[in-house]
Amino acid sequence: MQEHSSRPVRQRPLLGFSGNEIDRAANHRRDPAWVAAQRASPKAAVIEIAGDKVATAGPHVQTRSPRESEELVFLGLDHDDRPYFAARAANAEESWRDLRSLAIEGTVPPAELGLLAQARSLINWHMTHGFCANCGVATRMMDGGYRRHCESCGTDHFPRTDPVIIIVVRSARGLLLGRQKIWAPGMYSALAGFMEPGETIENAARREVFEESAIHVGDIHYVMSQPWPFPSSLMIGLIGEAEDDAITVDPVELETARWFGRDELLLMHEERHPDGFKFPTRMAIAHHLILEALQLP
């Protein structure tokens, strides 16, 4: 992949969940005594996660002090060396907010929203990886929550992030966008899919686009990425150039897909499309890939 150098590069937006500024202290968290000292600090703050919901206090994420003997995942240190941890809450209170809504509304500071993505992904991983995939014995949290160790067979397990390609394909006819049945009425977005073992980013993008729309993609360039904590993915944002334009939709993957011309996309951006068509909100990478492909600020 290559960046195009024939034009000025647009200033990249701060996407939802991408503003994490925490120092993860990876060289220190392997020391149990150091992690214990951070936990004992009077400044230590715990973020409780119940599924994908958290408590807020005004525009900020609500935190509390650590409780004795509870299992905590170390997140890192902020600019004031305040240690942050994450804990699993059994149930969400009625007033708790889900992460998607917080990202769409944009009321929580970007650094806190990014920290929530880290916390949510790690807590989910611990919930689903409590037993060794090699021998089935219960594993133990290590390294402040960034490793689970099986004392039976010695296997170490580490948190995973699943790479997802998301691509806007363009041709002389416009931009290729699709929609799924479960989306809000009128919503169209970039095509996306998980990478498979042994694939390059480019090959995964070409495969996904062809599977979903039968469009062949030639040149591809990278634009930006976005953490996506549902439960733990990395969206790899791309723009590709179509080699043909006859669409055949895979009905298993998409409800429909079509080409959108520039004028129609501008109406969607301004939320003035006569058929109510729109694309994702500004917190989503697809929104900015579409603007990038159109060369809009």
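Every number in this text was worked out from the coordinates using simple rules, so none of it is lab data. Every value quoted in this text rests on a predicted model; they were computed, and no experiment measured them. Every residue, glycine among them, receives a Cβ derived from its backbone with ideal geometry; neighbour counts consider all protein chains shown.
Worth pointing out:
- Other residues whose C-beta falls under 13 angstrom from the C-beta of GLY178 contribute a net charge of -3, scoring Lys and Arg +1 and Asp and Glu -1.
- Distance from the Cα centroid of the stretch 145-182 to that of the stretch 206-238 is 10 Å (rounded to whole angstrom).
- Label-to-label distance, nm, for residues given as TRP34 and SER101 (7 Å Cα→Cβ offset): 3.9 nm
- Virtual spin-label span in nm between GLU93 and SER69, 7 Å along Cα→Cβ: 2.5 nm
- If the segment from ARG207 to GLU241 were pulled out straight at 0.36 nm per residue, it would be longer than the present Cα-Cα gap by 10.9 nm.
- Residue of ALA284, ALA205, ALA214 that the Gaussian network model of the chain assigns the largest fluctuation, springs spanning Cα pairs under 10 Å: ALA214
- Just checking the listed ones, ASP275, ASP78, ASP156: in the Gaussian network model of the chain with Cα springs under 10 Å, the one fluctuating most is ASP275.
- Using a simple spin-label model with pseudo-atoms 7 Å out from Cα toward Cβ, THR256 and GLU270 lie 2.3 nm apart.
- Computed on the chain, with alpha-carbon pairs under 8 angstrom and 6+ residues apart, the relative contact order is 18 percent.
- GNM on the chain, alpha-carbon springs under 10 angstrom: the most fluctuating residue among LEU14, LEU72, LEU267 is LEU267.
- Under 19 Å from a label point set 7 Å out along the Cα-to-Cβ vector of ASP219, the amide N atoms of the stretch 261-297 belong to 289-296.
- Net charge over other residues, Cβ less than 12 angstrom from the Cβ of ALA286 (K, R count +1; D, E count -1): +2
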